[in-house]
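Asker: Please see the structure below; I have some questions.
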Amino acid sequence: MRRVILCLAAALLLGGCGAKQQPASAQIFAMDTYMELQVYGSEELLTQVEELIYSLEKAVSVTDEQSELYAVNRDGAGELGELAAGLLTSALDMCRRTGGALDISVYPVVRAWGFTTGDYRVPEREELDALLELVDYTAVDFDDACVTLAEGMEIDLGSVAKGYAGEKAAELLRSGGVESALLNLGGNVQAVGSKPDGSAWRVAVKDPSGSGYLGVIELSDQAAVTSGGYERYFEQDGKTYWHIIDPATGCPAESGLISVTVVGDSGLTCDALSTALFVMGLDAAAEFWAANDDFEAVLVSESGEIYVTEGLSERFTPADESAEVTVIARD
């Protein structure tokens with residue numbers, strides 16, 4: 001993949017490159033999305049970040065016949081390398097933590113809708129019911145890198161892979177002494193430190209109902225991940241079907257939310273929760289947040305109402321100054 005050295009100008013990121021200190025930057029295509037990487041201080045570490053992302057993709061792609069995960073799904077069992085095993089361990093932890101709102105074994109259902117192949121269709125209820133019998137993350141037997149799946153089960157780590165890649169890349173950069181970097185992994189934004197001048201990165205949240213942006217989040221040394229129904233969808237008979245599947249129904253989640261952005265220290269946690277909270281819906285998502293202390297969130301309802309958890313309220317600015325923002329607070 002040809003690398004393009006450039007000054008980062010992603011649509012989701014606000015603010016240009018500093019005039020006094022130019023970053024080592026690159027644009028790559030991986031994990032089915034364009035990624036823009038901006039690292040201050042080390043061209044060599046930027047190359048290592050790229051290699052890390054490609055290695056993870058090669059290990060956990062569900063469509064690449066040479067990947068470790070493809071072999072596990074095909075054979076029903078197999079052994080994963082260190083990188084993929086770490087991802088699966090964390091993914092299963094998040095499945096348990098969210099009570100199955102995130103379930104990595106929903107892959108056969110997602111494929112039936114055509115979201116992995118592009119052959120979109122609305123499956124019959126009988127087909128979905130049969131596939132749902134295979135959806136159960138607790139049936140994934142994983143011990144010391146060895147995976148065994150129940151008969152007919154297949155797993156997909158795509159819901160957490162980009163967040164994990166960002167998290168591991170940030171660890172690599174920090175260990176190499178990098179104090180300022182911004183990685184945009186297709187809407188999964190991972191910040192290392194702040195801007196070189198010490199100010200926070202300004203990350204725009206896409207408006208799920210339009211082409212502009214909903215607001216801006218100030219980000220320092222954390223990740224911000226958004227899941228929205230607008231990301232991948234198709235329409236049939238006047239109805240829109242998006243790729244975020246509710247593991248309980250086998251259908252696109254109809255929770256009353258159309259966008260969820262999660263901010264926190266762990267990129268994988270943010271990635272997992274952006275999907276899980278979308279599936280849960282506003283009330284359950286708010287309760288889940290109140291019971292935890294390792295993330296904040298911006299949630300947008302179907303009617304366009306914006307909800308922000310209190311820990312993020314001072315760092316989120318709506319694009320429309322007149323927009324009403326409801327702050328979710330703990331009792």
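Asker: To one decimal place, what orientation-averaged projected area in nm² is obtained for the convex hull of the Cα set of the stretch 290-331?
Answerer: With the hull built on Cα positions only, its mean projection is 3.4 nm².
Asker: Give me the distance between the Cα centres of the stretch 188-266 and the stretch 270-288, rounded to whole Å.
Answerer: Between the Cα centres of the stretch 188-266 and the stretch 270-288 lies a distance of 12 Å.
Asker: Give the Rg/Rh ratio for the chain, taking Rg as the radius of gyration of the Cα atoms and Rh as the Kirkwood radius, to two decimals.
Answerer: When Rh is taken as the Kirkwood radius, the ratio is 0.96.
Asker: Just to be sure I understand the model, the point goes 7 Å from the Cα along the line to the Cβ. What's the resulting residue 220 to residue 129 distance in nm?
Answerer: Between residue 220 and residue 129, the simple spin-label model gives 5.6 nm.
Asker: Here's something else I'd like to know. Antiparallel versus total DSSP beta bridges in the stretch 248-331: what percent is that, nearest 5?
Answerer: Beta bridges within the stretch 248-331, antiparallel portion: roughly 70 percent.
Asker: Which helices, counted as full DSSP H runs in the chain, have an axial Cα extent of no less than 18 Å and a Kyte-Doolittle average of -0.5 or above?
Answerer: Once both thresholds are applied, what remains is 43-60, 82-97, 158-175, 267-280.
Asker: Here is a follow-up. Hey, got a sec? Which trypsin sites (Lys or Arg not before Pro) in the stretch 239-331 land in a DSSP loop and have at most 14 other Cβ atoms within 10 Å?
Answerer: Sparse-neighbourhood loop trypsin sites (Lys or Arg not before Pro): 330.
Asker: Something else now. Using only the alpha-carbon atoms, what does the stretch 230-331 span along each of its principal axes? Please give whole angstrom values in decreasing order.
Answerer: For the stretch 230-331, the Cα spread along each principal axis is 42, 31, 24 Å.
Asker: Rounded to the nearest 5, what % of the DSSP beta bridges within the chain are antiparallel ones?
Answerer: 95
Asker: Taking R0 as 45 Å, what FRET efficiency do you get between residue 235 and residue 144 from their Cβ-Cβ distance, rounded to the nearest 0.05?
Answerer: 0.50
Asker: Using only helices, what value at 222 nm comes out for the chain when you add -39,500 (n - 2.57) per DSSP H run of length 4 or more and divide by the total residues, to the nearest 500 deg cm²/dmol?
Answerer: The per-residue figure over the chain is -9000 deg cm²/dmol.
Asker: Lys/Arg Cβ at +1, Asp/Glu Cβ at -1, dipole of the chain taken about the Cα centre: which of 35, 146, 70 is farthest positive-ward?
Answerer: 35
Asker: Now for a separate question. Below 8 Å, C-alpha to C-alpha, sequence gap of six or more: please give me the relative contact order for the chain in percent.
Answerer: It rounds to 15 percent for the chain.
Asker: With a 1.4 Å probe and all protein chains left in place, how much accessible area per residue does the stretch 27-76 have, in Å²?
Answerer: 47
Asker: Consider a paramagnetic label point 7 Å from the Cα of residue 283 along Cα→Cβ; state which residues of the stretch 314-331 have an amide N under 18 Å from it.
Answerer: The answer is 328-331, whose backbone nitrogens lie closer than 18 Å to the label point.
Asker: Shifting gears a bit: Under a 1.4 angstrom probe, counting protein chains only, how are 269, 117, 47 ranked by accessible area, largest first?
Answerer: Descending accessible area places them as 117, 47, 269.
Asker: Another one. If you consider only alpha-carbon coordinates, what radius of gyration and Dmax does the stretch 43-110 have, in Å?
Answerer: Cα radius of gyration and Dmax of the stretch 43-110 are 13.7, 42 Å respectively.
Asker: Pulled fully out, how much extra length does the chain show between residue 52 and residue 175, if you take 0.36 nm times their separation in residues and subtract their Cα-Cα distance?
Answerer: Full-extension gain reported as 42.8 nm.
Asker: Something else about it: Based on the mean of other beta carbon atoms within 10 Å per residue, what is the order of 141-151, 67-77, 162-172, 282-292, most packed first?
Answerer: Numbers: 141-151: 13.5, 67-77: 17.6, 162-172: 24.5, 282-292: 16.1.
Those peptides, ordered most packed to least, come out 162-172, 67-77, 282-292, 141-151.
The values are calculated or read from the model by the stated rules, or taken from the named source; none is laboratory data. Quick caveat, the model's predicted, so the values are computed rather than measured. Heads up, the Cβs are rebuilt from the backbone with ideal geometry, glycines too, and the neighbour counts pull from every protein chain shown. Ligands, DNA and RNA are stripped out before the accessible areas are found, and what is left, the full protein with its side chains, is counted by its heavy atoms. Shrake-Rupley method; radii C 1.70, N 1.55, O 1.52, S 1.80 Å.
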